[in-house]
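First comes the structure, then the notes that go with it.
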Amino acid sequence: MKSQSPPLSKNIDCPGINTYNWIMKNAKIVLGVSASIAAYKAVELVRLLVKEGAEVRVVMSANAGKFVAPLTFEALSGHPVYHAQFDAPNSA
């Protein structure tokens, strides 16, 4: 029988502090988006994660831009989206 871990929204050892919200406010997430219909769901996921206080960075495959423009993720995350091999100004 598998033991089940407690839900993230439950207060754990910190009365009065919602653990789930604390985790999201301190989360730094990198989301990889590939070329599939799921790219549309990734837009909603970024929106919800940012709403909960997470810092989200998005990396897209070259073909993912055929489904969702990088500008969409930039607007939602507030960070540049890496979508080409040599996007970074100091890339090697």
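Residue pairs whose Cβ atoms lie under 6 Å apart, sitting 6 or more positions apart in sequence or on different chains, and linking a residue in region 30-59 that is under 14 Å from residue 79 (Cβ atoms) and modelled with pLDDT of 90 or more to a partner that is hydroxyl-bearing (Ser, Thr, Tyr) and surrounded by 13 or more Cβ atoms within 10 Å (Cβ to Cβ), are 46/77; 56/77; 58/77; 59/82. Among the residues of region 42-55, write down those that are assigned to a helix (DSSP H, G or I) and among the hydrophobic types (A, V, I, L, M, F, W, C). Passing the criteria: 42, 43, 45, 46, 48, 49, 50. Can you tell me which residue in region 56-81 is most open to solvent (accessible area, probe 1.4 Å), limited to those that are in a strand (DSSP E or B) and touching a helix residue (DSSP H, G or I) at 6+ places or on another chain (Cβ under 8 Å)? The selected residue is 57.
Among the criteria (1) modelled with pLDDT of 90 or more; (2) not in a loop (DSSP other than H, G, I, E, B), the one residue 24 does not fulfil is (1).
The values are calculated or read from the model by the stated rules, or taken from the named source; none is laboratory data. Owing to the predicted nature of the structure, the values given are computational and were not obtained by experimental measurement. With ideal geometry, Cβ positions are generated from the backbone for all residues, glycine too; neighbour counts draw on all protein chains shown. What goes into the accessible areas is simple: the full protein's heavy atoms, side chains included, and nothing from ligands, DNA or RNA. Shrake-Rupley method; radii C 1.70, N 1.55, O 1.52, S 1.80 Å.
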